[in-house]
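The values are calculated or read from the model by the stated rules, or taken from the named source; none is laboratory data. Keep in mind the model is a prediction, meaning the values are calculated, not measured. Every residue, glycine among them, receives a Cβ derived from its backbone with ideal geometry; neighbour counts consider all protein chains shown. Protein only, heavy atoms only, side chains kept; ligands, DNA and RNA dropped before computing areas. Shrake-Rupley method; radii C 1.70, N 1.55, O 1.52, S 1.80 Å.
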Number of protein chains: 2
Amino acid sequence: MRYPPPIQKLIEELTRLPGIGPRSAERIVFHLLKAPPSDCAQLAGALVELRKRILHCSVCYSVAESDPCPICSDKKRDPHTLCVVERPSDMMAVEKTGSYRGLYHLLMGKIAPLDGVGPDSLRIEELLQRVKKGGVREVVIATSSDVEGEATAIYLAGALKRFPVKVTRIAHGIPMGSSLDFNDAVTISKAFEGRTLM
Amino acid sequence: MRYPPPIQKLIEELTRLPGIGPRSAERIVFHLLKAPPSDCAQLAGALVELRKRILHCSVCYSVAESDPCPICSDKKRDPHTLCVVERPSDMMAVEKTGSYRGLYHLLMGKIAPLDGVGPDSLRIEELLQRVKKGGVREVVIATSSDVEGEATAIYLAGALKRFPVKVTRIAHGIPMGSSLDFNDAVTISKAFEGRTLM
């Protein structure tokens, strides 16, 4: 005995999403059956709108409703500095600081050979073309600080060597508001390596 | 700076579902933006179909595409035995055993005063009406074995006393395939209480 087909079908569709197993899918379905019918319709509408209205900016590859995206077409931003991040959510995190005024380049991932992601699956060639065109003076590499993010940073630094640009990496060290003994050995040694004059 | 409205909207809609926080919602949205556009459309379609095609059986309150549901209208099942469960997923669990041939009654929850769920919010009155109509010889109470499920079982047993039916509770004890010392004290004492002659 199985659930009626419409329930079974929605459970299957939900289970294909990241982080949702058969149990949570079941829970969501029965939540939706109890909630007002408009909830289902709104969620369905939002899903359709997503694919209809969201596109990738052809300059930085961020997600936006217009191409080029609002950041790339903002004349007040510094076009000489490019910040390289992995994903749109990383870009949002940098934007939230309000302290970066340059442009972005989204790789849409990081080099991860074990997951079958090589340099060719990322927007690296597009980054090199952007730098080649000229106008960029500094590339700030802000990939994550895990093994794959570090490997991606090293790969990018190597690939950018042939262009007359400054390549920098964001600092790694003790996060603000944290006590020294709460940090792991690698972070602390990175903090020592990257110490600055004061 | 926030995500473009279609992304923000879908994140908000997803966050309203049980078990999905802002982080998982973001992950799902970017998964969908990477996946083929048909994935979004299929999920949206499944959501719309769910509310269009699924209804509650007016006899047992289970979810089905027809009313009465396939189980209630199955002439080969024993109409003299009713199994009372909390939710459709509990009914499915009993059905999977293949050993129960009676009918069901779904309460659609359990008595949980702390969550504001009293006997009136459940399908208890409907159960009493069903028993009152006659034809039922045994009511097997299969609510869960937590505090609320036990309270619900005791409430039901009391309410059913005025009818000439046998009221039984499913056995509690050591689950099959489990070693004694892996079980908690309450379960073990329940197993002793419910011991049977062999």
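Side notes on the structure shown:
- Residues of region B:55-82 that turn out to be at the interface with chain A (Cβ under 8 Å from one of its Cβ atoms) and crowded, with 20+ Cβ neighbours inside 10 Å, as a count: 2
- Any chance A:LYS110 is touching a residue at least 24 places away in the same chain (Cβ under 8 Å) and within 26 Å of B:GLU26 (Cβ to Cβ): yes
- For region A:1-24, the set of residues classified as more than 7 Å from chain B (Cβ to nearest Cβ) and surrounded by 20 or more Cβ atoms within 10 Å (Cβ to Cβ) consists of A:ILE11, A:LEU14, A:ILE20, listed by residue number.
To keep it simple, each residue is scored yes or no on (1) among the aromatic types (Phe, Trp, Tyr); (2) touching a strand residue (DSSP E or B) at 6+ places or on another chain (Cβ under 8 Å); (3) surrounded by fewer than 14 Cβ atoms within 10 Å (Cβ to Cβ).
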position: A:GLU126; (1), (2), (3): no, yes, no
position: A:GLY134; (1), (2), (3): no, no, yes
position: A:ARG137; (1), (2), (3): no, yes, no
position: A:ILE141; (1), (2), (3): no, yes, no
position: A:GLU148; (1), (2), (3): no, yes, no
position: A:ARG162; (1), (2), (3): no, no, yes
position: A:LYS166; (1), (2), (3): no, yes, yes
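- Across region B:34-53, the qualifying residues are those that are within 7 Å of chain A (Cβ to nearest Cβ) and open to solvent by less than 20 Å² (accessible area, probe 1.4 Å), and the one among them that is nearest to the chain's Cα centre (by Cα) is B:LEU50.
- A count restricted to region A:2-60 and to residues that are at negative phi and not in a helix (DSSP H, G or I) stands at 17.
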